[in-house]
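Have a look at the structure below, then the notes.
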Amino acid sequence: MITKLLPTLTFFAAIGAGVVGGVFFAFSNFVMPALARLPAAGGIAAMNSINITVITPTFMTALFGTGLICLVLIAGAILGWSQPGSFWLLAGALIYLVGNPIVTMVFNVPLNDALAAVDPASSNGAPVWTTYLRDWVMWNHVRAVTAIVALGCFIFAWR
């Protein structure tokens with residue numbers, strides 16, 4: 001039964017990885033550089049606002065729903081290992097899971113929480129913002145690249 005669902009799930013995983021990768025790509029390439037140009041207090045305030053407004057059903061479904069699909073794809077790839085594309089399916093699902101939901105929860109969310117705890121106007125605001133930009137953007141690059149690589153793997157698996 002699971003093997004019949006794999007092409008459809010792979011398609012949705014590719015779409016999800018593409019959407020998530022696009023969002024993270026945008027942040028890495030122009031959103032965060034634009035915020036970095038603001039004074040620290042303004043950058044912190046803007047990023048804190050983004051971190052609140054990003055929690056929408058649509059984006060959470062794209063990020064974590066794709067992760068759930070990946071769990072099913074991992075099982076399907078292992079169970080149907082002799083099928084064409086199983087390697088690409090397993091690779092894409094693992095790359096997406098580690099590079100997106102896991103990196104988000106282990107690295108980006110704690111950084112967001114630490115930023116939210118800082119008074120933007122305090123003397124501590126600017127140093128926290130500088131460190132946040134360096135670390136958050138680095139982990140966001142990981143998320144963007146792994147989502148895009150996973151998309152490519154899903155395309156190879158789907159063919």
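What to note about this one:
- Residue ID - farthest from residue 153 (Cα to Cα), chosen from residues in the range 32-49 that are among the aliphatic types (A, V, I, L, M) and in contact (Cβ under 8 Å) with a residue 12 or more places away in the chain: 41
- Looking only at the range 41-54, residues that are open to solvent by 50 Å² or more (accessible area, probe 1.4 Å) and in contact with a Pro (Cβ under 7 Å, 6 or more places away or on another chain) come to 1 in all.
- Filtering 157, 144 for residues that are small (Gly, Ala, Ser), under 25 Å from residue 40 (Cα atoms) and part of a helix (DSSP H, G or I) leaves a single hit, 144.
- Residues of the range 102-111 classified as open to solvent by less than 60 Å² (accessible area, probe 1.4 Å) and of a type in the set (A, V, I, L, M), total: 3
- The set of residues in the range 19-40 being in contact with a helix residue (DSSP H, G or I) (Cβ under 6 Å, 6 or more places away or on another chain), open to solvent by 30 Å² or more (accessible area, probe 1.4 Å) and either modelled with pLDDT under 95 or more than 17 Å from residue 109 (Cα to Cα) (or both) consists of 19, 25, 36.
- Qualifying residue in the range 112-123 (condition: buried (at least 19 other Cβ atoms within 10 Å of the Cβ), part of a loop (DSSP other than H, G, I, E, B) and not hydrophobic (A, V, I, L, M, F, W, C)): yes
- Within the range 66-88, considering residues that are open to solvent by 10 Å² or more (accessible area, probe 1.4 Å) and either under 13 Å from the mean Cα position of the chain (by Cα) or of a type in the set (A, V, I, L, M) (or both), the one farthest from residue 140 (Cα to Cα): 79
The values are calculated or read from the model by the stated rules, or taken from the named source; none is laboratory data. Since the model is a prediction, treat every value here as computed from it, not as a measurement. As a convention, Cβ positions derive from the backbone with ideal geometry for all residues, glycine included, and neighbour counts pool all protein chains shown. Heavy atoms of the whole protein, side chains included, go into the accessibility calculation; ligands, DNA and RNA do not. Shrake-Rupley method; radii C 1.70, N 1.55, O 1.52, S 1.80 Å.
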